[in-house]
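> First the structure, then my questions, so here it is.
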């Protein structure tokens, strides 16, 4: 039997970001009934183009792709701000051609985007959501917030959490010595990820030379961070971007995982920290409170609470970390890609059979 084609619309790497990583994962989706195809909304430019011209070309390309492909449904990945406005045009084209549309909202700042928009833009956001056949949220917390904020019936929402490949971290068995703590960060070295707060934490922890930070990733603040580290002789190592076994080895050497973000949808790296058996220290943003609970998977703090992070890093004892490590290794299985695979299949089955 011929498979139903599902067209996913969103950004693909490069650049590396939360949505593009999620869509890249979907290339490993397996099904006897559904075949996923991908339309990149940020194709590489062969020559410099005016932004309006570039976006019009992308929309025309989408129109011809969808006309030629004739998918069973269109699955659009979106966020807030300009990304949402762009997504609206893809949705309008798909709906004009009578294709069912899933709108998959990833942004941790979506409700701020709506609340701070002028009335005309609010109406546009409401109209776009109302036109979608299904709205996918990352967590129950987000679904509840959507239900409170928008006049869209509950049956048109679905919850699909982010996922990781837990097998990559199966071999990781962190040790918890009494005399050393390594705190690992994985993500973009940008202001929203709270990396400047890690600098401040390290300054306050200079009297604890057995506590060190490892920052994996790259980003616009890398040079600034290195200058701060050198000027203040901080116990922080910038690892750069890593993948595969090299990345896994850094998780093996750590005890704590930190993601002090100011904005976050869910934080795939939080899930990786759990899968590796690390104690997760993160912030009360987005859907993070749905996966991290105090004294279970880790601890949550208000964004910018440098003193709170420092106190917890210093006070955590090996026995507590061992208990949480075992729990996290088990708990992370709920976020394995196989569960996302099954949930997507069920959603497509519900919508198109």
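The values are calculated or read from the model by the stated rules, or taken from the named source; none is laboratory data. Everything numeric here is computed off the predicted structure, so don't read it as measured data. FYI the Cβ positions are ideal-geometry reconstructions off the backbone, even for glycines, and counts take in every protein chain you see.
Listed here are the residues, each with its yes/no results for (1) modelled with pLDDT of 90 or more; (2) in contact with a strand residue (DSSP E or B) (Cβ under 7 Å, 6 or more places away or on another chain); (3) closer than 29 Å to residue 286 by Cα.
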{"residue": "17", "(1), (2), (3)": "no, no, yes"}
{"residue": "35", "(1), (2), (3)": "yes, yes, no"}
{"residue": "49", "(1), (2), (3)": "no, no, no"}
{"residue": "63", "(1), (2), (3)": "yes, no, no"}
{"residue": "75", "(1), (2), (3)": "yes, yes, yes"}
{"residue": "82", "(1), (2), (3)": "no, no, yes"}
{"residue": "85", "(1), (2), (3)": "yes, no, yes"}
{"residue": "89", "(1), (2), (3)": "yes, no, yes"}
{"residue": "92", "(1), (2), (3)": "yes, no, yes"}
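> Starting from the stretch 215-228, take each residue that is at positive phi and list its partners that are buried (at least 19 other Cβ atoms within 10 Å of the Cβ) and part of a strand (DSSP E or B), counting only C-beta distances under 8 angstrom and pairs at least six apart or across chains.
217/185; 217/186
> For the stretch 269-298, enumerate the residues that are assigned to a loop (DSSP other than H, G, I, E, B) and over 13 Å from the mean Cα position of the chain (by Cα).
Within the stretch 269-298, 276, 277, 278, 284, 292, 293, 295, 296, 297 meet the criteria.
> Then there is this: Just give me the residues in the stretch 116-135 being touching a residue at least 40 places away in the same chain (Cβ under 8 Å) and over 11 Å from residue 88 (Cβ atoms), in sequence order. Break it down stepwise before answering.
Pass one, the stretch 116-135, residues touching a residue at least 40 places away in the same chain (Cβ under 8 Å): 125, 128, 131-134.
Those that are touching a residue at least 40 places away in the same chain (Cβ under 8 Å) and over 11 Å from residue 88 (Cβ atoms): 133, 134.
> Report, by residue number, each residue of the stretch 226-251 that is over 28 Å from residue 275 (Cα atoms), part of a helix (DSSP H, G or I) and in contact with a helix residue (DSSP H, G or I) (Cβ under 9 Å, 6 or more places away or on another chain).
Keep residues of the stretch 226-251 that are over 28 Å from residue 275 (Cα atoms), which gives 226-234.
This time we only want the ones that are part of a helix (DSSP H, G or I), so: 226-232.
If the condition is that a residue be over 28 Å from residue 275 (Cα atoms), part of a helix (DSSP H, G or I) and in contact with a helix residue (DSSP H, G or I) (Cβ under 9 Å, 6 or more places away or on another chain), then 228, 229, 232 are the ones that fit.
> Assess whether residue 209 counts as being under 30 Å from residue 28 (Cα atoms) and outside any helix (DSSP H, G or I).
Values: under 30 Å from residue 28 (Cα atoms): no; outside any helix (DSSP H, G or I): yes.
Considered against the rule, which asks whether it is under 30 Å from residue 28 (Cα atoms) and outside any helix (DSSP H, G or I), residue 209 comes out as no.
> Taking residue 215 as the residue in question, decide whether it is farther than 29 Å from residue 143 by Cα and outside any loop (DSSP other than H, G, I, E, B). It would help to see each step written out before you state the result.
Values: farther than 29 Å from residue 143 by Cα: yes; outside any loop (DSSP other than H, G, I, E, B): yes.
Yes.
> Looking at (1) farther than 18 Å from residue 194 by Cβ; (2) within 17 Å of the chain's Cα centre (by Cα), can you tell me which one residue 327 breaks?
Evaluating residue 327 over (1) farther than 18 Å from residue 194 by Cβ; (2) within 17 Å of the chain's Cα centre (by Cα) leaves (2) as the failure.
> For the structure I just gave you, tell me whether residue 268 is closer than 29 Å to residue 104 by Cα, in contact with a helix residue (DSSP H, G or I) (Cβ under 7 Å, 6 or more places away or on another chain), in contact (Cβ under 8 Å) with a residue 60 or more places away in the chain and buried (at least 18 other Cβ atoms within 10 Å of the Cβ). Full working, then the answer.
Values: closer than 29 Å to residue 104 by Cα: yes; in contact with a helix residue (DSSP H, G or I) (Cβ under 7 Å, 6 or more places away or on another chain): yes; in contact (Cβ under 8 Å) with a residue 60 or more places away in the chain: yes; buried (at least 18 other Cβ atoms within 10 Å of the Cβ): yes.
Judged against the criteria, residue 268 is a match.
> Looking at the stretch 130-141, which of the residues that are in a helix (DSSP H, G or I) and touching a helix residue (DSSP H, G or I) at 6+ places or on another chain (Cβ under 8 Å) is modelled with the lowest pLDDT? If you could, list the steps in order and put the result at the bottom.
First, pick out the residues of the stretch 130-141 that are in a helix (DSSP H, G or I): 130-131, 140-141.
From the residues that got through so far, the ones that are touching a helix residue (DSSP H, G or I) at 6+ places or on another chain (Cβ under 8 Å) too are 131, 140-141.
Values: 131: 98, 140: 92, 141: 89.
Only one residue fits best here, namely 141.
> For residue 292, only one of the following conditions fails: (1) touching a strand residue (DSSP E or B) at 6+ places or on another chain (Cβ under 8 Å); (2) farther than 20 Å from residue 275 by Cα. What is its number?
Looking at each condition in turn, residue 292 falls short on (2).
Conditions (1) in contact (Cβ under 8 Å) with a residue 24 or more places away in the chain; (2) within 28 Å of residue 21 (Cα to Cα); (3) surrounded by fewer than 18 Cβ atoms within 10 Å (Cβ to Cβ), marked per residue:
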site: 139; (1), (2), (3): yes, yes, no
site: 143; (1), (2), (3): no, yes, no
site: 151; (1), (2), (3): yes, no, yes
site: 158; (1), (2), (3): yes, yes, no
site: 169; (1), (2), (3): yes, yes, no
site: 173; (1), (2), (3): yes, yes, yes
site: 177; (1), (2), (3): yes, no, yes
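> Could I ask something else about it? Answer with yes or no whether residue 253 is under 22 Å from residue 320 (Cβ atoms), surrounded by fewer than 17 Cβ atoms within 10 Å (Cβ to Cβ), in contact (Cβ under 8 Å) with a residue 60 or more places away in the chain and touching a strand residue (DSSP E or B) at 6+ places or on another chain (Cβ under 9 Å).
yes
> Does the stretch 170-192 hold any residues that are more than 11 Å from residue 250 (Cα to Cα) and part of a strand (DSSP E or B), and which are they?
Passing the criteria: only 181.
> Consider residue 312 carefully, then state whether it is surrounded by 15 or more Cβ atoms within 10 Å (Cβ to Cβ) and within 29 Å of residue 31 (Cα to Cα).
Details: surrounded by 15 or more Cβ atoms within 10 Å (Cβ to Cβ): yes; within 29 Å of residue 31 (Cα to Cα): no.
The answer is no for residue 312.
> Any residue at all in the stretch 196-206 that's over 29 Å from residue 112 (Cβ atoms), buried (at least 20 other Cβ atoms within 10 Å of the Cβ) and assigned by TED's automatic domain parsing to the domain that holds residue 315?
Let us first name the residues in the stretch 196-206 that are over 29 Å from residue 112 (Cβ atoms), namely 202-206.
Right, trim to buried (at least 20 other Cβ atoms within 10 Å of the Cβ) and you get 202, 205.
Add one more test, that the residue is assigned by TED's automatic domain parsing to the domain that holds residue 315, and what stays is 202, 205.
Yes, the stretch 196-206 contains at least one residue that is over 29 Å from residue 112 (Cβ atoms), buried (at least 20 other Cβ atoms within 10 Å of the Cβ) and assigned by TED's automatic domain parsing to the domain that holds residue 315.
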